[in-house]
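Taking it in order: structure first as structure tokens, then the write-up.
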Amino acid sequence: MIYLTLFLEFFKVGLFCFGGAFGMIPLIRETVLAYGWLTDEAFYDFIGVCESTPGPIAVNVATYVGATQGGVFGSICATLGVVMPSFIIILLIAAVLKNLTKNAYFAAFLSGVKPVAVALILATGISLLLKSAGLTGASFSPHVPSLIVFALLFVVYFGVKRVCKRSLSSIWLILLSAVMGLAVCLMLEYYRVAV
């Protein structure tokens, strides 16, 4: 039964998500929390892991959750569930609706979906920012390492942009944030031991 549940729930996530990976995060979060597959804290930690590993967030989360809930076959079911809707829709578009972009109904559909996708992405970004800063529910407990890394990355990103007249690659930002995170945590741990 868990295999069918994993497939169907992640199928719904794949079917009703517009706006790419960040548009999917609220729906994935709602699903995994409703079934108790991940805690809220574990979910946000895993989003950080997914951002720094290859592959789409939805596929990574589906594979991980499927594996924790039903082993290898569970991961296959969840992963197939999340990718199947896109696969089917693109196949139909390629086979049947070759001039879809010129279709007035399709253009109207996209006009209605775009604001929702932007709102989902914006809500996800704000939610991740607040969570990583230490805001949980009504309480605020600053997560000092995250705030330090965020401030350092902000300075480095805009410093490179100003000096070199180009943006820093996302790959370098991910690698730099990992190194900074380790360095900041080690320094804070050393400081605690020394005091």
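The values are calculated or read from the model by the stated rules, or taken from the named source; none is laboratory data. Keep in mind it's a predicted model, so treat the numbers as computed, not measured. Virtual Cβ from ideal backbone geometry, glycine too; neighbours counted across all protein chains shown. Protein only, heavy atoms only, side chains kept; ligands, DNA and RNA dropped before computing areas. Shrake-Rupley method; radii C 1.70, N 1.55, O 1.52, S 1.80 Å.
Summary table
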item: Per-pair calculated FRET efficiency, R0 = 35 Å: ILE88 and SER170 via Cβ, rounded to 0.05; result: 0.70
item: Positive-pole candidate from PHE154, SER111, VAL49, dipole of the chain, charges at beta carbon; result: SER111
item: Under the Karplus curve 6.51 cos²θ - 1.76 cosθ + 1.60, θ = phi - 60°, whole-Hz ³J(HN,Hα) for the range 150-157, x wherever Gly or Pro sits; result: 4, 4, 5, 5, 4, 5, 5, 4
item: The range 64-195: relative contact order as a whole-number percent, Cα under 8 Å and 6+ apart; result: 11
item: Accessible-area value, LYS12, 1.4 Å probe, nucleic acids and ligands omitted, Å²; result: 100
item: Dipole of the chain, positive end: most advanced residue of ILE88, VAL32, PHE7 [Cβ charges, Cα centre]; result: ILE88
item: Given charges at beta-carbon only (K, R positive; D, E negative), |dipole| of the chain in Debye; result: 840
item: Answer label for mean projected area of the Cα convex hull in nm² (calculated), chosen among [x] 16.9; [y] 10.6; [z] 15.5; result: [z]
item: Carbon plus sulfur fraction of accessible area for the chain, probe 1.4 Å, in percent; result: 74
item: For the chain, calculated [θ]222 nm from helices alone, where every DSSP H run of n ≥ 4 adds -39500 (n - 2.57); result: -28000 deg cm²/dmol
item: Average accessible area per residue (Å²) across the chain - probe 1.4 Å, nucleic acids and ligands excluded; result: 64
item: Residues of type lysines that LYS131 reaches as a straight line, Cα spacing below 29 Å, ignoring anything fewer than 8 places off in the same chain; result: LYS12, LYS114, LYS161
item: Distance in nm between pseudo-label sites at ALA117 and CYS185 (7 Å out along the Cβ direction from Cα); result: 3.5
item: Cα pair count fraction exceeding 19 Å, expressed as % - the range 21-90; result: 28
